[in-house]
Every structure is written in C-alpha cells, then in structure tokens.
Amino acid sequence: MKILLAMTMLFLSSTATPAFAQTNSSISSTEIIRYNVPATEHASFEKAYQDAGQYLQASPSCLGYQVIHGNEEPNHYIVIIHWTSQQDHLQLFRKEKNFPAFFNLVKPFYNYIEEMKHYDPTPNQWVRK
C-alpha cells in the first residue's frame, strides 16, 4: 500500500502543477476579492463561483482564477483572478457578451466584499518545484 501511495504521489507531482504554484510571466494584474460570507451561504457562494468560472475561462483577458476558503476564519473567502492587465479587466472583460451572465452569478455576494483591488506582481516570489 505504501508503494502504491508513493507511486501515485510521484505520478501526480510529475504531471500536475497546483494552480497556486504556476507562474506566468504574462500576468500583469491580479485582482484580489476578499469576502466575509455567512455560513448559511457558503455552498451557494462556492456554487456561484464554480458556475461563473466558465465565463472567466472564456475571456481572453483572464489568465486564471482561484477561490480559497479560510481555515481559522471559515466565513472568509478570497477570490484571486489573474488578468492580462487591469485595463483589460475593466475595459474589455466588462464589455464582453458573457460579462452580464458572470455578474449575475456573483452579484448576490457583493455586499459581503471586504476588499476588491488590483495588485501588480513584484519580482519577489518563489515556488517549490
């Protein structure tokens, strides 16, 4: 059993890179959205972003996204969206035909936003490979 587990881990580590470990030099803007979502709405929040992901994936301006959930503070979520640029996000994505469908899915949670800002990468990063 230990050998099978070790072989599985070796295979996974050689074929898949976790989303958080991927680096992309074309990312010029990262949008961070911090939410404080009531426990009664966790499932609907996660489902909304799961469904909304198809519209992010369809956008040429979006390079990737991730939704993470707080351990110590379980009502906290952070949505991380990598854009080709802040301008592309604000000027192109928001004018795409799929934007209204995306917005309608996540709009019910806008009152739970604590922060929604864009950040630029710095050369200070390291990822274990």
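Taking the Cα centre of segment 25-119 as origin, work out the dipole magnitude from +1 charges on Lys and Arg Cβ and -1 charges on Asp and Glu Cβ, in debye rounded to 20.
380 debye
Mind sorting V127, V106, V79 by how few other Cβ atoms lie within 10 Å of their own Cβ, fewest first?
Listing V127, V106, V79 from fewest to most nearby Cβ atoms yields V127, V106, V79.
Pairs of Cα atoms under 8 Å, at least six residues apart: use those to get the relative contact order of segment 25-119, whole percent.
RCO, segment 25-119: 47 percent.
Give me the number: length gained by fully extending Q125 to F103, i.e. 0.36 nm times residue separation minus the C-alpha to C-alpha distance, one decimal in nm.
4.8 nm
Of K47/K97; K47/K117; K95/K117; K95/K129, which ones are farther than 29 Å apart at the Cα?
The pairs that break the limit, which is 29 Å between Cα atoms, are K95/K129.
Over segment 25-119, how many percent of alpha carbon pairs lie in each 10 Å bin up to the one with the longest distance?
16, 51, 28, 5
Values in this text are rule-based calculations from the coordinates and carry no lab data. Just so it is clear, the model here is predicted, and its values are computed rather than measured. No Cβ is skipped: glycine too gets one built from the backbone with ideal geometry, and neighbour counts run over all protein chains shown.
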